[in-house]
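Asker: One structure is given below, represented as structure tokens, and several questions about it will come after.
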Amino acid sequence: PVIVPEDVIKSVAFYGSRRDVVLFSAGATVYAIELDREGTQNFQPVYKGDDPYFYVDEKSVLYIKDGSSIISAKL
């Protein structure tokens with residue numbers, strides 16, 4: 001395993017139109033992880049906050065809600 005989060009996973013989505021990278025939020029962080037298990041899997045925290053949830057719309061825009069803040073980014 002690349003990561004075994006101690007916190008509940010709250011949000012999961014593919015990264016934009018890609019099917020080899022998944023975003024997920026657990027605890028106070030949103031992570032990106034590569035699904036290809038051949039070689040070394042890339043893994044990266046992409047946002048750290050307090051309690052983020054996220055949504056990716058049909059135009060590949062990522063919306064992160066963290067407390068009273070909403071952040072968006074084009075994937």
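Asker: For residues that are of a type outside the set (Ser, Thr, Tyr) and under 12 Å from the mean Cα position of the chain (by Cα), scanning just the stretch 55-64, find the one that is most open to solvent (accessible area, probe 1.4 Å).
Answerer: Val56
Asker: Also, quick follow-up: With (1) surrounded by 13 or more Cβ atoms within 10 Å (Cβ to Cβ); (2) closer than 19 Å to Lys10 by Cα; (3) of a type in the set (A, V, I, L, M, F, W, C) as the list, and Ile70 as the residue in question, which single condition is left unmet?
Answerer: Ile70 satisfies every listed condition except (1).
Asker: Sticking with this structure for a sec: Restricting attention to the stretch 1-38, which residues are open to solvent by 70 Å² or more (accessible area, probe 1.4 Å), in a loop (DSSP other than H, G, I, E, B) and farther than 16 Å from Ala73 by Cα?
Answerer: Initial filter on the stretch 1-38 (open to solvent by 70 Å² or more (accessible area, probe 1.4 Å)): 1, 4, 6-9, 12, 14-15, 17-19, 35-38.
Within this subset, residues satisfying the condition of being in a loop (DSSP other than H, G, I, E, B) are 1, 4, 6-8, 15, 17-19, 35-38.
Across the stretch 1-38, the qualifying residues are Pro1, Val4, Glu6, Asp7, Val8, Arg19, Leu35, Asp36, Arg37, Glu38.
Asker: While we're here: In the stretch 39-54, how many are open to solvent by 80 Å² or more (accessible area, probe 1.4 Å), modelled with pLDDT of 85 or more and outside any strand (DSSP E or B)?
Answerer: 2
Asker: Moving to a separate point now. Among the listed residues Ser25, Ser17, Ser60, Ser11, which satisfies the condition of being in contact (Cβ under 8 Å) with a residue 12 or more places away in the chain, on the phi > 0 side of the Ramachandran plot and either of a type outside the set (A, V, I, L, M) or touching a helix residue (DSSP H, G or I) at 6+ places or on another chain (Cβ under 9 Å) (or both)? Please lay out each step first, then the result.
Answerer: On the way: Ser25 fails: on the phi > 0 side of the Ramachandran plot; Ser17 fails: on the phi > 0 side of the Ramachandran plot; Ser11 fails: on the phi > 0 side of the Ramachandran plot.
Exactly one residue qualifies, and that residue is Ser60.
The values are calculated or read from the model by the stated rules, or taken from the named source; none is laboratory data. In this text the structure is predicted, and so the values were computed from the model without any measurement. We place every Cβ from the backbone using ideal geometry, glycine too, and count neighbours over all the protein chains shown. Heads up: the accessible areas ignore ligands, DNA and RNA and are worked out on the full protein's heavy atoms, side chains in. Shrake-Rupley method; radii C 1.70, N 1.55, O 1.52, S 1.80 Å.
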